[in-house]
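Below is one structure; the comments refer to it alone.
The values are calculated or read from the model by the stated rules, or taken from the named source; none is laboratory data. Every value quoted in this text rests on a predicted model; they were computed, and no experiment measured them. Positions of Cβ are generated from backbone atoms using ideal geometry, with glycine treated the same way; all protein chains shown enter the neighbour counts.
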Amino acid sequence: MKVALLAMLLLCVPAFAQEACDRQAAHILGILHLTEHNHQVYKENLATLFFNLREPVPEDSMTSIESLRSWLRQKEEHYRELRTVGSNELGRWPNKLENALARPYTDSQAARHLDEVVAAFRLRCQKLAQARPDYPRRFYATGGLVFGRFGAFSELDYFVNDPVSGTKPFVTSGLCRGVAYDELTFQQRVEHPLVAGASYELAGPEPWEKVRQLVLTRFHDHGLKIEKIPLGWKVVRGSYPTRHFEDPTPDSERARPL
C-alpha cells in the first residue's frame, strides 16, 4: 500500500509543478499588463523558464517584477558560489528568466524574428559554401531552440564541421552564433552523449529551412501553432505540453536546490 501511495505521489509532483509554472507565467503577464491572446509564445517561454528553476518561487516574491528579480539574483549568486558543474547549469536559469522579464514581446514579433534568423543563417551557410565549396559540411543546432524556447530575441546557436586556421574555432555573433570544429573534434562532439541529447542535425541541401521546420515543430510540441493571416501572424494554443528539464547535466553532477 505504501509503495502504491509513493508511486502516485511521484507521478503527481511533475504535473503540479507544471501547472504552477503555467499559473506563474499567467500571473507575470497580468503584472506586465499583457494579454494572453497575443503573448502566447512569451507566456510559454516564461513557463518553461520557471519550470527549469527546479523549485517554486515563493509567493511573496511574485508580488512584483522587482521582488521576483531580487529573488532570482539571490538564487543566481547562490549557485555561483557552489562552483560545481550542476550549479553552473542551475545558475543559468535565474539569469535567463530575468532577461525575459526585461524584454516582453508579442507573438507577431516572435514570428517575424523567425524569418530574420532563417535569413541570417542562410547567408552564413552560403558564405561558408563559397569559402570552401569542396568541404563536406554538417550543421547542428543546439541551445534553447532545440528544446523549443524561441522568442523575438532568440539567437540560433549552431556548430559545424569545417577546417579552421590554427587550433582556434571561429565564433560568429548576432542572430547566428556558430562554432567550427576540425574533423576529429567535430566527430568527438557529435558522439558525446550530453551533446547528442541537446543538439539537432540540420540535414539536407538547405539547412536554414530545417531551422524554420524545427522551430515550428517545437512550437507544436509546446501546444502552439503559428498561422499566417493577412495583417501578420496569429498564434493559437492547443493542448498544454508536458515539460522536460532542458539541461543534460547528469544527476550526480547537479547541485540540489536548498
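The table for this structure:
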item: From the options Phe159, Phe121, Phe153, residue that is on the phi < 0 side of the Ramachandran plot, in a strand (DSSP E or B), in contact (Cβ under 8 Å) with a residue 40 or more places away in the chain and not basic (Lys, Arg); result: Phe159
item: Odd one out for Gly174 among (1) at pLDDT 85 or above; (2) under 30 Å from Lys225 (Cβ atoms); result: (1)
item: Residue, farthest from the chain's Cα centre (by Cα), within segment 199-223, restricted to residues that are surrounded by fewer than 18 Cβ atoms within 10 Å (Cβ to Cβ) and aliphatic (A, V, I, L, M); result: Ala203
item: Flag if Leu202 is modelled with pLDDT of 90 or more, in contact with a helix residue (DSSP H, G or I) (Cβ under 8 Å, 6 or more places away or on another chain) and closer than 23 Å to Glu89 by Cβ; result: no
item: Unmet requirement for Asn95, which otherwise passes all of (1) under 15 Å from the mean Cα position of the chain (by Cα); (2) without any contact (Cβ under 8 Å) to a residue 40 or more places away in the chain; (3) over 30 Å from Ile226 (Cα atoms); result: (3)
item: Which listed residue, of Ser87, Ser108, Ser70, is assigned to a helix (DSSP H, G or I) and closer than 30 Å to Glu227 by Cβ; result: Ser108
item: Per-region count, segment 11-55, residues outside any helix (DSSP H, G or I), modelled with pLDDT of 90 or more, under 20 Å from the mean Cα position of the chain (by Cα) and loosely packed, with under 15 Cβ neighbours inside 10 Å; result: 0
